[in-house]
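See below for the structure under consideration.
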Amino acid sequence: MGLLKVAVGDGVLTFLWVICASSLGAVTSVIAKAIGVKGIASMFITISLVFVLLFVFGMIADALGGASFNPTGTAAFYAVGLGGDSLVSAAVRLPAQAVGAVFGAFAILELMPREYKYMLGGPSLRVDMHTGAIVEGVLTFTSTIAVLYVILRGPNSVLMKNAMLSTSIVTLVTVGGGYTGPSMNPANAFGWAYVYNRHNTWEHFYVYWIGPFIGAISSGWAFRIVFPPPSKQKSA
């Protein structure tokens with residue numbers, strides 16, 4: 001029952017995240033036009049929105065018993081040696097996140113005003129398949145290292161943590177925009193791929209699943225090497 005509850009929480013949180021994250025472009029555009037901001041200055045609006053999302057979703061995740069909307073995060077913390085997940089729990093939680101993402105993608109397509117629908121669609125491959133997989137792996141490695149450092153070694157202030165995370169996320173999304181979208185989240189990528197019937201292709205699996213998971217697990221191992229856990233003292 002406990003694992004089922006966590007899986008349901010994962011599905012709900014991923015559903016909400018896909019709706020909110022997919023709306024960032026439209027909301028940024030509306031705010032930028034309202035205050036007369038153009039170009040790179042609008043990036044600070046997006047960072048501020050992501051900051052708010054991370055803060056709110058952190059509280060929702062805690063309320064749902066430690067739910068997650070990104071399976072690579074679970075994999076990374078497992079590689080570090082933290083968290084109570086196993087292969088069995090991952091096998092249950094990952095499909096729940098994928099299903100939540102599918103419903104989230106369909107929901108935002110229905111809810112988004114017509115004039116902003118062109119901003120939806122999720123990540124899409126703009127380079128060859130092998131380059132895409134490498135880019136997703138490198139971006140996920142980098143983003144996960146940032147997450148691990150900020151959460152485990154960063155400042156105690158939740159506001160500072162979210163500010164650092166939101167800045168790094170938006171920066172990496174901007175860097176990877178011309179390559180893979182990017183996603184750095186297999187569940188989110190699956191949701192949009194399912195909408196457009198691309199979820200059962202080797203290209204999708206290779207670029208948006210294998211690449212990110214290799215990046216996330218590698219980042220967990222690398223973090224553990226650089227910041228090894230304290231050794232347990234033997235009792236006398």
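The values are calculated or read from the model by the stated rules, or taken from the named source; none is laboratory data. Predicted model only: the values in this text are computed from it and were never measured. Cβ coordinates were reconstructed from backbone atoms using ideal geometry, including for glycine residues, and neighbour counts include every protein chain displayed. Protein only, heavy atoms only, side chains kept; ligands, DNA and RNA dropped before computing areas. Shrake-Rupley method; radii C 1.70, N 1.55, O 1.52, S 1.80 Å.
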request  = Among the residues of segment 34-45, write down those that are closer than 18 Å to Thr167 by Cβ and either aromatic (Phe, Trp, Tyr) or outside any helix (DSSP H, G or I) (or both).
outcome  = Val37, Phe44
query = Residue check: is Thr167 touching a helix residue (DSSP H, G or I) at 6+ places or on another chain (Cβ under 6 Å), hydroxyl-bearing (Ser, Thr, Tyr), surrounded by fewer than 21 Cβ atoms within 10 Å (Cβ to Cβ) and within 23 Å of Met119 (Cα to Cα)?
reply = yes
task = Only residues in segment 52-75 that are at positive phi count as the first member; pair them with residues that are of a type in the set (Lys, Arg) and open to solvent by 30 Å² or more (accessible area, probe 1.4 Å), Cβ under 7 angstrom, at least 6 apart or cross-chain, and list the lot.
result = Gly65/Lys5
ask   = Hey, does segment 143-152 have a residue that's among the hydroxyl-bearing types (Ser, Thr, Tyr), part of a helix (DSSP H, G or I) and crowded, with 18+ Cβ neighbours inside 10 Å?
value = yes
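When the residues of segment 51-65 are narrowed to those that are under 20 Å from Ala98 (Cβ atoms) and within 15 Å of the chain's Cα centre (by Cα), which ends up surrounded by the most Cβ atoms within 10 Å (Cβ to Cβ)?
Selected residue: Phe57.
Please verify whether segment 19-33 includes one or more residues that are more than 17 Å from the chain's Cα centre (by Cα) and part of a loop (DSSP other than H, G, I, E, B).
no
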note = A careful count of residues in segment 188-198 that are open to solvent by 50 Å² or more (accessible area, probe 1.4 Å) and of a type outside the set (Lys, Arg) gives 3
inquiry  = Please determine whether any residue of segment 177-187 is surrounded by fewer than 17 Cβ atoms within 10 Å (Cβ to Cβ), part of a loop (DSSP other than H, G, I, E, B) and of a type outside the set (Gly, Ala, Ser).
reply    = no
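Is it the case that Ser48 is part of a helix (DSSP H, G or I), open to solvent by 60 Å² or more (accessible area, probe 1.4 Å) and among the hydroxyl-bearing types (Ser, Thr, Tyr)?
It is true that Ser48 is part of a helix (DSSP H, G or I), open to solvent by 60 Å² or more (accessible area, probe 1.4 Å) and among the hydroxyl-bearing types (Ser, Thr, Tyr).
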message = So the check is Cβ under 9 Å with 6+ separation or different chains; which pairs have a first residue in segment 223-236 that's part of a helix (DSSP H, G or I) and a second one that's at pLDDT below 50 and open to solvent by 100 Å² or more (accessible area, probe 1.4 Å)?
response = none
message = For segment 12-29, which positions are touching a residue at least 24 places away in the same chain (Cβ under 8 Å) and over 28 Å from Ala96 (Cα atoms)?
response = Ser29
ask   = If you take the residues in segment 203-215 that are touching a residue at least 60 places away in the same chain (Cβ under 8 Å) and not small (Gly, Ala, Ser), which one is most open to solvent (accessible area, probe 1.4 Å)?
value = Ile214
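Taking Gly9 as the residue in question, decide whether it is crowded, with 20+ Cβ neighbours inside 10 Å and farther than 20 Å from Ser183 by Cα.
yes
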task = Would you be able to say whether some residue in segment 118-135 is at pLDDT below 95 and in a helix (DSSP H, G or I)?
result = yes
remark   = When segment 57-105 is checked residue by residue, the ones that are aromatic (Phe, Trp, Tyr) and over 11 Å from Asp10 (Cα atoms) are Phe57, Phe77, Tyr78, Phe103
ask   = Within the group Arg114, Arg93, which residue is within 24 Å of Ser22 (Cα to Cα), in contact with an Asp or Glu (Cβ under 9 Å, 6 or more places away or on another chain) and either exposed (fewer than 15 other Cβ atoms within 10 Å of the Cβ) or touching a residue at least 60 places away in the same chain (Cβ under 8 Å) (or both)?
value = Arg93
